[in-house]
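What follows is a set of notes on a single structure, which appears directly below.
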Amino acid sequence: TRRRAQAVSGSNPSFVKSETCPVDKVSGDDIQGFLKKLKQQTGNTYRLPSEAEWEYACRSGGKDQKYCGGSSESSLAWYDGNSSKKTHPVKQKQANGLGLYDMSGNVYEWTQDCWNDSYSGSPANGEALQSGDCAKRVSRGGSWGGEPGILRSAFRTGPPADIRNYNFGFRLAQD
């Protein structure tokens with residue numbers, strides 16, 4: 001949440017300043033600096049998840065699910081049909097089968113993977129793909145501003161890693 005991000009970085013870049021909403025308006029590049037500060041403060045190593053890790057978590061441990069946690073976008077996600085064009089506090093929608101909230105909608109989530117047109121050539125062990133167009137990074141999950149189609153578990157996009165937009169946030173993995 002923004003509360004944690006502000007405590008680590010000392011600032012809140014987000015458009016909506018509520019402490020219970022996900023962080024937005026951060027680039028994939030910004031997150032790398034945040035991760036360094038977080039390690040200095042906690043002594044723990046955090047990172048962005050790989051695209052494979054993100055999708056496995058989204059699909060409740062690898063299940064065949066249209067959205068992250070099931071088939072009803074309205075019960076799982078904030079998107080253009082219900083968001084009033086803004087982010088919302090986390091944990092207001094239904095969690096997926098792993099107890100994770102907001103993996104569909106609210107904000108796109110950056111992954112560690114470089115952009116490639118497909119999964120072809122991705123590491124079989126679930127690690128991030130570090131070849132391809134690394135000026136772009138894979139982001140997943142859709143956002144408050146998108147239609148249900150971009151909320152799908154399988155939907156992926158590759159925006160420039162330096163873009164700061166109200167639709168982009170992040171979720172961390174810990175080693």
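Read-outs: derived from the displayed coordinates by stated rules, not from any lab. Keep in mind that this is a model prediction, so the values were computed, not measured. Note that each Cβ is placed from the backbone with ideal geometry, even for glycine, and that neighbours are counted across all protein chains shown.
Dimensions of the chain along principal axes (Cα, Å, largest first)?
40, 40, 27 Å, listed from the longest principal axis down.
By per-residue mean of other Cβ atoms within 10 Å, what is the highest-first order of 62-75, 133-146?
Put in order of decreasing packing, that is 133-146, 62-75.
Which value, in debye to the nearest 20, gives the size of the charge dipole of the chain about its Cα centre, when Lys and Arg are +1 and Asp and Glu are -1 at the Cβ?
Working: 23 positive and 19 negative charges, 133 e Å.
Approximately 640 debye in magnitude.
Would you be so kind as to identify which of Asn125, Tyr101, Pro148 lies farthest towards the positive end of the dipole of the range 17-175, taking Lys and Arg as +1 and Asp and Glu as -1 on Cβ and the Cα centre as origin?
Farthest towards the positive end: Tyr101.
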